[in-house]
1. For 252, 369, give me the order by solvent-accessible area with a 1.4 Å probe, most accessible first, ignoring ligands, DNA and RNA.
2. Taking a probe of 1.4 angstrom, what is the accessible area of residue 450 in Å², to the nearest 10?
3. Considering only lysines 8 or more places apart in sequence, or on different chains, count the pairs in region 308-373 whose C-alpha atoms sit under 22 Å apart.
4. Check residue 17: other-chain or 5+ apart residues with amide H under 5 Å from its amide H, H built from backbone geometry?
5. Can you give me the accessible area per residue for the chain, using a 1.4 Å probe, in Å²?
6. Kindly sort 429, 249 by accessible area of their heavy atoms, largest first, with the probe set to 1.4 Å.
7. What nm value, rounded to one decimal, do you get for the distance between residue 182 and residue 235 when each label is placed 7 Å out toward the C-beta?
8. Provide the packing ranking of 74-82, 346-354, i.e. peptides ordered by the mean count of other C-beta atoms within 10 Å per residue, highest first.
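The values are calculated or read from the model by the stated rules, or taken from the named source; none is laboratory data. Note that the structure is a prediction, hence the values are computed from the model and not measured. Cβ atoms come from the backbone with ideal geometry, glycine included; neighbour counts cover every protein chain shown. Areas reflect the complete protein model, heavy atoms only, side chains present, ligands, DNA and RNA absent. Shrake-Rupley method; radii C 1.70, N 1.55, O 1.52, S 1.80 Å.
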Amino acid sequence: MKISNKMQVKNGLNIIIVGCGKVGMTLIEQLSKEGHDITIIDKNAARVQEMSNLYDIMGLVGNGASYSVQMEAGIENADLIIAVTASDELNLLCCTVAKQVGDCAAIARVRTPDYSKEAGYLREKLGLTMIINPELEASLETARILYLPTALEVNSFAHGQAEIVKFKIPEGNLLDGMTIATLGKSITNEILICAIEREGEVYIPGGNFQMAKDIVSFVAPRRHIRSFLKKIGFKTKQVKDAMIVGGGKASYYLAKQLIAMGIDVKIIEQNKERCEELSILLPEAIIINGDGTDEEVLREEGIEYAQAFIPLTGIDEENIMLTLHAKQVSNAKLITKINRSTFKNVISKLDLGSVIYPRYITSEAIIAYVRAKKNSTNSNIETLYHMFDNRAEAIEFRVDEPSSVTGIPLKDLMLKNDLLVSFIYRNGKVQIPSGLDTIEVGDTVMIVTTHTGLDNIQDIIRS
């Protein structure tokens with residue numbers, strides 16, 4: 001059954017999305033906003049109807065791995081198919097069928113650990129553009145935060161050489177009342193404050209911006225981050241132990257990361273069979289068979305003394321309640337995984353520590369690829385990261401050819417307002433640029449801006 005509310009879209013890519021779950025819906029929302037021609041396929045007729053009405057796109061009810069369904073969806077003329085159903089096998093089959101029929105790129109969501117270990121092999125043999133694993137990506141982000149527990153968020157750029165770190169300035173801190181320019185002169189110019197949230201508004205700050213009890217994001221070469229945080233009075237040592245509630249895929253991936261970092265891990269899981277599986281998969285971890293939502297169980301297992309507490313139950317409401325409980329009874333570093341995106345305003349006011357949204361981590365990697373594919377002229381997007389609930393973006397561009405922005409000092413470029421050139425990565429080194437620095441061919445350059453939809457390095461110039 002075909003459901004169509006599609007308007008004609010110019011200059012966008014022709015994209016087929018199979019699966020209208022949480023990740024699928026996030027992709028539809030983001031990609032339709034960016035002007036792409038989208039067709040969705042899902043077995044749930046009501047959901048297809050709802051998404052078609054909401055975003056003026058074409059919807060097909062059926063099996064996305066079916067040749068006839070893909071033909072009806074227009075696979076022969078598609079630029080990209082993205083398979084994000086709940087089944088790894090179905091996602092891989094969708095992409096395999098599409099590659100046989102059409103000349104399109106293919107992206108599959110694959111979450112099972114066995115397949116994730118073979119991602120490189122599968123990508124090569126099936127001709128896939130990307131295999132993405134939300135739980136694994138979320139665990140990497142969580143591990144980065146526990147390495148630097150002062151941070152609310154830590155995101156990696158320039159092949160891990162640079163990071164954006166988000167933190168809250170406490171009252172009376174050294175930065176409270178200081179301008180950006182003074183920070184550069186009196187503390188360090190090895191970091192750059194690139195975005196600030198104050199009372200719900202996001203600012204790309206200039207030198208005269210005076211900081212207060214704000215939520216701040218700064219970018220820096222990875223080697224300078226700890227020393228800067230130490231200078232402004234923050235603890236910088238990674239946690240020594242972590243308590244995880246829930247024993248699903250996300251917990252497995254996170255525990256693997258933390259054990260490799262030398263962090264002691266305790267997992268509380270209700271299902272006895274899963275506990276036995278985890279004890280074989282993670283022999284270095286302590287696996288407790290019990291109800292992690294029970295206050296008494298948590299107390300017995302030492303929640304009061306845990307240095308980090310991460311609820312991964314799969315139910316957002318349980319994760320939130322567990323975090324709020326841990327906040328009352330311990331001084332642990334708190335990380336809350338949330339799968340849905342509703343009630344974000346309420347969630348942001350609850351002070352849940354660091355909040356991780358796997359669906360956004362997944363969609364960012366895919367949107368970065370889509371923007372790079374749309375614009376294949378003289379720059380490509382390496383990394384994309386949405387900041388402050390999609391109100392700002394950090395985009396890492398690779399500069400492949402000379403253009404109107406290369407070879408000219410940054411101070412002489414007519415840059416858009418609310419946009420910062422945050423670092424230049426050249427010959428393996430990250431540099432925080434001054435007005436005298438230039439963008440050159442071969443560089444990767446990170447831009448932080450409240451403008452959305454940039455897909456070319458030349459988009460940083462005022463039109």
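1. On the way: 252 15, 369 55 Å².
My answer, sorted largest first, is 369, 252.
2. Counting only protein heavy atoms, the figure is 40 Å².
3. On the way: 327/337; 327/344; 327/349; 333/344; 333/349; 337/349.
The result is 6.
4. Correct list: 39, 40, 41, 82.
5. Numbers: 20460 Å² over 463 residues.
With all protein chains present, the chain gives 44 Å² per residue.
6. Details: 429 150, 249 85 Å².
Listed by decreasing accessible area, they come as 429, 249.
7. With each label point 7 Å from Cα toward Cβ, the separation is 2.8 nm.
8. Working: 74-82: 20.9, 346-354: 15.6.
So the peptides 74-82, 346-354, ranked by packing, come out 74-82, 346-354.
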